[in-house]
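Contents: one structure, followed by commentary.
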Amino acid sequence: MKPSEIDLHKELKKYFGFNQFKGLQEGVVKSIITGNNTFVIMPTGGGKSLCYQLPALVLDGTAIVVSPLIALMKNQVDAIRSLSSEYGIAHVLNSSLTKTEVNQVKKDITSGLTKLLYVAPESLTKEEYIDFLKSVPISFVAIDEAHCISEWGHDFRPEYRNLRSIIKQLGDIPVIGLTATATPKVQEDILKNLDMTDANTFKASFNRPNLYYEVRTKTKNIEADIIRFIKQHKGKSGVIYCLSRKKVEEIAQVLQVNGISAVPYHAGLDAKTRAKHQDMFLMEDVDVVVATIAFGMGIDKPDVRFVIHHDIPKSLESYYQETGRAGRDGGEGHCLAYYSYKDIEKLEKFMAGKPVAEQEIGYALLQEVVAYAETSMSRRKFLLHYFGEEFDEVNGEGADMDDNVRNPKKKVEAQNQVVTLLETVRDTNE
Ligand code: ADP
Ligand code: MG
């Protein structure tokens, strides 16, 4: 069947049970099945996986999906297998497979059964795999979490830089890049590195109208302030992010002592404890998780009602990702960040030992965080502007959902802040 003749809604229903495409999905799917390089920028939860899974299922040949994390790949393969009675329809190819398992994967691909082949970027560099993949029909290569290719992204992985040259060895195959990172710099990097500046680009809005953004000055009373906030949201689920493991433990304890059900989560806890605490949060045995950034990837709890940043994060990108875990169900989501310039200085100290190029990027990202925290304009407008998106602060969706809009700072006060900020910036540069 010619791609243009495929009834996409029928296939969507058949494989996924959905009646409608979500957001920009249909356009993306059409772009891919007609063989175009395609670039997809959608916030987390936007439905990026389906954008390449559906084309892979309806096209001839096998689609290669590059993904950075084995755990993510396993989840996806399990999900795909549950859609079809064919076991071999999706496979993961990685270094943990035995020789026999690898042979089975190859057999399923050769026979045309396998529609999706998930690989880690480092597996794809293996000569043996490349030679094999050259010999079988590949429908396209999808690169999930494509921001890993950019040093300006929050998760740079050097192996991603080799992808383009490997794909070229496989032949003239369409490339699909997908990411939830919306900053123009990262997008540019992705398109350049994947050599696909000609790609059809689909960018969804990053506005989250149900999230309320608030920044409070961090004072000595922060703990009492957090406790008061949580008690005002009694029984609701929330996450508190802290910079250090030590702070996570400290705050979790303070909350517990004050009668709030809270558990800590950070990479210093053993895997069993981490899993237990995560489950307790998901099952609502506790209200609050106090965590480092180790918490959140792939966690899909729809009714998180608040995300508190005890410490401001190192980029607005991270801030958006972390606050984005609130209000997934479309209901209330209060995003409260505590800010003091001392925290910025701490973050700068962390960077001091890093290579110069990395430091420069780090400082630039931090300056944006400072500007966001100290701004007196619509926070939503500021955030969306950072992501290259225009926002109408009067009529846009969620326009009144932040502290600056609800309680505008007096002009003079705001101006003084700018002066202070400029002085601080000057002082730190000297
Ligand atoms: P992303 O990778 O963009 O973060 P996912 O691909 O993980 O998002 O999808 C997020 C959720 O949206 C999943 O639970 C998925 O089943 C759901 N979803 C995707 N497409 C549709 C659709 N057309 N209709 C309803 N739900 C969808
Ligand atoms: Mg995804």
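What follows draws every value from the coordinates through simple rules; no lab data is involved. Just so it is clear, the model here is predicted, and its values are computed rather than measured. Cβ placement follows ideal geometry from the backbone for every residue including glycine, while neighbour counts extend to all protein chains displayed.
Return the pairs, sorted by first residue and then second, in which the second residue is basic (Lys, Arg) and assigned to a helix (DSSP H, G or I), the first residue lies in region 98-120 and is over 26 Å from Ala146 (Cβ atoms), the beta carbons are less than 9 Å apart, and the residues are 6+ apart or on different chains.
Taking only residues 6 or more apart or on different chains, the pairs are Leu113/Lys107.
If I ask for residues that are more than 24 Å from the chain's Cα centre (by Cα), over 30 Å from Ser376 (Cβ atoms) and assigned to a helix (DSSP H, G or I), which ones from region 217-257 would you list?
Within region 217-257, Lys246, Glu249, Glu250, Ala252, Gln253, Val254, Leu255, Gln256, Val257 meet the criteria.
For region 149-161, name all the residues that are part of a helix (DSSP H, G or I) and surrounded by 15 or more Cβ atoms within 10 Å (Cβ to Cβ).
The answer is Ile149, Glu159, Tyr160, Arg161.
Among the residues that make up region 371-386, is at least one of them surrounded by 14 or more Cβ atoms within 10 Å (Cβ to Cβ) and on the phi > 0 side of the Ramachandran plot?
No.
In region 174-203, which residues are under 16 Å from the mean Cα position of the chain (by Cα) and buried (at least 20 other Cβ atoms within 10 Å of the Cβ)?
Once the filter is applied, which keeps residues that are under 16 Å from the mean Cα position of the chain (by Cα) and buried (at least 20 other Cβ atoms within 10 Å of the Cβ), region 174-203 yields Gly177, Leu178, Thr179, Ala180, Thr181, Ala182, Thr183, Val186, Gln187, Ile190.
Can you pull out the residues in region 50-68 that are within 13 Å of ligand 1 (Cβ to nearest atom) and within 20 Å of Ile167 (Cβ to Cβ)?
Across region 50-68, the qualifying residues are Cys51, Tyr52, Gln53, Val65, Ser67, Pro68.
So which of Lys236, Lys185 is away from ligand 1 (no atom under 16 Å from the Cβ), of a type outside the set (A, V, I, L, M, F, W, C) and closer than 30 Å to Val254 by Cβ?
Numbers: Lys185 fails: closer than 30 Å to Val254 by Cβ.
Just a single option satisfies the conditions, and that option is Lys236.
Assess whether Lys2 counts as being more than 11 Å from ligand 1 (Cβ to nearest atom), of a type in the set (Lys, Arg) and crowded, with 16+ Cβ neighbours inside 10 Å.
no
In region 1-28, which residues are part of a helix (DSSP H, G or I) and within 21 Å of the chain's Cα centre (by Cα)?
Selection gives Gln25, Val28.
With (1) within 16 Å of ligand 1 (Cβ to nearest atom); (2) free of Cβ contacts under 8 Å to residues at least 40 places away in the same chain as the list, and Thr273 as the residue in question, which single condition is left unmet?
(1)
Where residues in region 50-71 are surrounded by fewer than 20 Cβ atoms within 10 Å (Cβ to Cβ) and small (Gly, Ala, Ser), which of them is farthest from ligand 2 (Cβ to nearest atom)?
Result: Gly61.
With respect to Asp172, determine if the residue is free of Cβ contacts under 8 Å to residues at least 40 places away in the same chain, outside any helix (DSSP H, G or I) and on the phi > 0 side of the Ramachandran plot.
no
Would you pick out the residues in region 31-49 that are out of contact with any Leu (no Cβ under 7 Å at 6 or more places or on another chain), more than 11 Å from ligand 1 (Cβ to nearest atom) and not hydroxyl-bearing (Ser, Thr, Tyr)?
Ile32, Gly35, Asn36, Asn37
Looking only at region 22-46, filter to residues that are of a type outside the set (Val, Ile, Thr) and away from ligand 2 (no atom under 16 Å from the Cβ); which one of those is farthest from Leu194 (Cα to Cα)?
Glu26
On the basis of being without any contact (Cβ under 8 Å) to a residue 40 or more places away in the chain, in contact with a helix residue (DSSP H, G or I) (Cβ under 9 Å, 6 or more places away or on another chain) and among the small types (Gly, Ala, Ser), does Gly153 make the cut? Write out each step before concluding.
Working: without any contact (Cβ under 8 Å) to a residue 40 or more places away in the chain: no; in contact with a helix residue (DSSP H, G or I) (Cβ under 9 Å, 6 or more places away or on another chain): yes; among the small types (Gly, Ala, Ser): yes.
No: the conditions fail for Gly153.
Which of the residues belonging to region 352-390 are assigned to a loop (DSSP other than H, G, I, E, B), closer than 20 Å to Thr181 by Cα and either of a type in the set (S, T, N, Q) or touching a residue at least 40 places away in the same chain (Cβ under 8 Å) (or both)?
Phe387, Gly388, Glu389
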